[in-house]
1. Residue-wise, which Karplus ³J(HN,Hα) couplings in Hz belong to the stretch 95-100, taking 6.51 cos²θ - 1.76 cosθ + 1.60, θ = phi - 60°, and x for glycine or proline?
2. Which of S230, S213 comes first, and how do the rest follow, when ranked by fewest Cβ neighbours within 10 Å?
3. Convert each backbone phi in the stretch 220-227 into a coupling constant with the Karplus relation 6.51 cos²θ - 1.76 cosθ + 1.60 (shift: θ = phi - 60°), then list the ³J(HN,Hα) values in order as whole Hz, x for Gly and Pro.
4. Could you pull out the GluC sites (Glu not before Pro) across the stretch 50-135 that fall in loop regions by DSSP (anything but H, G, I, E, B) with no more than 11 other Cβ atoms inside 10 Å?
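Just so it is clear, none of the values below were taken in a lab; they were calculated from the coordinates. Bear in mind the structure is a predicted one, so any value in this text is a computation, not a measurement. Heads up, the Cβs are rebuilt from the backbone with ideal geometry, glycines too, and the neighbour counts pull from every protein chain shown.
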Amino acid sequence: MANYQSLRATGYIDRTDFVIVRRQGDIRDTKIRCVCEARCNNGWMRTKVDERARPFLLPLFRGDATRLTPEAQRIIATWAAMKAMVGEYDESSYVTTHHAHRRYLMDHLSPPPHGWAIWIGNYVRKDWPVRWLSTPFLLLPDKQAIKRKNRRATYYNGTSSTQVIGNLFIQIVRSPMHRFVARWRFALPRGETLFRIWPPTQFNIAWPGGAISDRSAEYIAGAVKELLASIETERVAAGGK
């Protein structure tokens, strides 16, 4: 049986914790024991999410040319959101998704309509080692944040997660501050493409688009962390240390 090794990380404002994962089998078949087997893992999650997404995902894993309709994008976004929710229970992650969001995905077979943004891109890896990166964060309104005496977060209400499977690069940003998520954009070099598939659009995607480089992958994965660190620095200065 084949083995795989991956580098997973949880990034905080003041540090990043890395975990090297060594397991048997294909990384695409990794299971995290946080859901029931009969009703969830071998039930609706497999039949209504995994199996529906598989025909659309396989070309993306391989980097093959294909066209993604708005419905295909929704199916892929649902699969990506489910994997992100489950991935929070891995040994290197932190659970931030509210149980109502998990329930919404199960009931509606789509990510929650607000507070979630999902992007995908064709990534041609060279040296960047990360396959899973989770960055939990605490994002509060300015007035509420400045009043907090403890500047270090004691809980988290949002996350930025990166997952790479084959050529498929997935970036998810989630926060209860919906405007922050809705307005978030990535600035990539000319010729590189990152497609936003959630919230939904009415446009088809001609895949694969311009390939994402190692440098851009690292930038995308760390962009939210860098911005929040700069916001915190400004808040500390405005609050008088």
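1. 7, 10, 6, 5, 4, 5
2. Ascending number of Cβ neighbours within 10 Å: S230, S213.
3. 4, 4, x, 4, 5, 4, 5, 5
4. Details: sites: E51, E71, E88, E91; in loops: E88, E91.
Listed in order of number, the matching sites are E91.
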